[in-house]
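**Q** Let me begin by handing over the structure; questions about it come next.
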Amino acid sequence: MPVIATYTKMEDAHLAVSQLQGSGVEAWLRDEATANLYWLYSNAIGGVKVEVAEEDIERAREVLELPKEESGLLQCPHCGSQNTSVRQMNLISALALIFLSLILPERKHKADCLDCGKSFDF
């Protein structure tokens, strides 16, 4: 299997594999266990490598070279912008959940558009 990319951080390698697999390209990690167990050796072995099949090399390069803006998952339904921000749990709710073991009702996920200022569910 040819190596299409190498990463020093495990998270970046997993993100690349997820992006490839989400685009229909089969991808695997090499040296993941070594870098995970002996993280100091990660640079010595050349990092965590992302492998793809021979026939998927060109498609994998295209997918990994996409700009971040074009590969965004959230798009504002009002203006079409991908400049969005997901709302996080506020501090009071998080503390209540942790210390009081409260069961909070399931809420919808909300995001805010940073261009038009409107919010939307996703």
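The values are calculated or read from the model by the stated rules, or taken from the named source; none is laboratory data. Since the structure is predicted, the reported quantities are computational estimates derived from the model, not experimental observations. Cβ sites come from the backbone with ideal geometry, for glycine too, and all protein chains shown count toward neighbours. When the accessible area is computed, the model is the full protein with side chains, heavy atoms only, and any ligands, DNA or RNA have been set aside. Shrake-Rupley method; radii C 1.70, N 1.55, O 1.52, S 1.80 Å.
**Q** If you check residue 73 against the conditions, is it among the aliphatic types (A, V, I, L, M), open to solvent by 100 Å² or more (accessible area, probe 1.4 Å), at pLDDT below 75 and under 28 Å from residue 9 (Cα atoms)?
**A** In short, yes.
**Q** Answer with yes or no whether residue 87 is open to solvent by 100 Å² or more (accessible area, probe 1.4 Å), modelled with pLDDT of 80 or more and basic (Lys, Arg).
**A** No, not satisfied.
**Q** Of the residues that sit in the stretch 32-53 and are hydrophobic (A, V, I, L, M, F, W, C) and surrounded by 12 or more Cβ atoms within 10 Å (Cβ to Cβ), which one is modelled with the lowest pLDDT?
**A** Looking at the filtered set, the residue picked out is 39.
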